[in-house]
Amino acid sequence: MKAKAETPDSSSAADIFKWIVAFVLLAAAVVGNHVYSEMSVVLRVAGVVVLIAAALGIAATTTKGKAAITFARESRMEIRKVVWPTRQETMQTTLIVLAVSIVMALILWGVDGIMVRLVALATGV
């Protein structure tokens, strides 16, 4: 991953304007969905989807948006490198965790019972 320090430049004002436009589009989607509640659900959903897509498209052109897209692409490449366990390994590990959890629950239950009896013996209750 490329790490570089953020430097303020002339595009920061343009980025701020783009973020404002993106948030206005998202607000328009929410308000429009409420104001036009008597319209067909299909039309309202289509309008909301179009406005959200437009907002995401505008946000993707900002510096932070481009960084987020780059991060998502790099993350996807890293996920492809992961060696996932087989079904048998997953089942074995799950059964081991289940068995250890049951054994620990029984041990804690026994310790709790002993402590309750000791406290009852000490307090005379």
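The values are calculated or read from the model by the stated rules, or taken from the named source; none is laboratory data. Just so it is clear, the model here is predicted, and its values are computed rather than measured. Note that we place each Cβ from the backbone using ideal geometry, even for glycine, and neighbour counts take in every protein chain shown.
What residue, of 35, 50, is surrounded by 10 or more Cβ atoms within 10 Å (Cβ to Cβ) and modelled with pLDDT of 95 or more? Please lay out each step first, then the result.
Numbers: 35 fails: modelled with pLDDT of 95 or more.
Unique residue meeting the criteria: 50.
Given the stretch 25-125, what helices (runs of 4 or more DSSP H) lie entirely inside it while holding 3 or more residues that are within 30 Å of residue 12 (Cα to Cα) and in contact with a helix residue (DSSP H, G or I) (Cβ under 6 Å, 6 or more places away or on another chain)? Steps first, answer last, please.
Working: elements: 41-59, 63-81, 87-123.
Answer list for the stretch 25-125: 41-59.
Identify the single condition in (1) in contact (Cβ under 8 Å) with a residue 40 or more places away in the chain; (2) in contact with a Ser or Thr (Cβ under 9 Å, 6 or more places away or on another chain) that residue 85 does not satisfy, given that it satisfies every other one.
It is condition (1) that residue 85 fails.
For the stretch 76-90, check the following and say yes or no: at least one residue is among the aromatic types (Phe, Trp, Tyr) and loosely packed, with under 10 Cβ neighbours inside 10 Å.
Kept after step one, since they are among the aromatic types (Phe, Trp, Tyr), are these residues of the stretch 76-90: 84.
Still in the list and also loosely packed, with under 10 Cβ neighbours inside 10 Å: 84.
Yes; the residues of the stretch 76-90 include at least one that is among the aromatic types (Phe, Trp, Tyr) and loosely packed, with under 10 Cβ neighbours inside 10 Å.
Of the conditions (1) charged (D, E, K, R); (2) out of contact with any Gly (no Cβ under 8 Å at 6 or more places or on another chain); (3) surrounded by 12 or more Cβ atoms within 10 Å (Cβ to Cβ), residue 44 clears all except one; give me its number.
Failed condition: (2).
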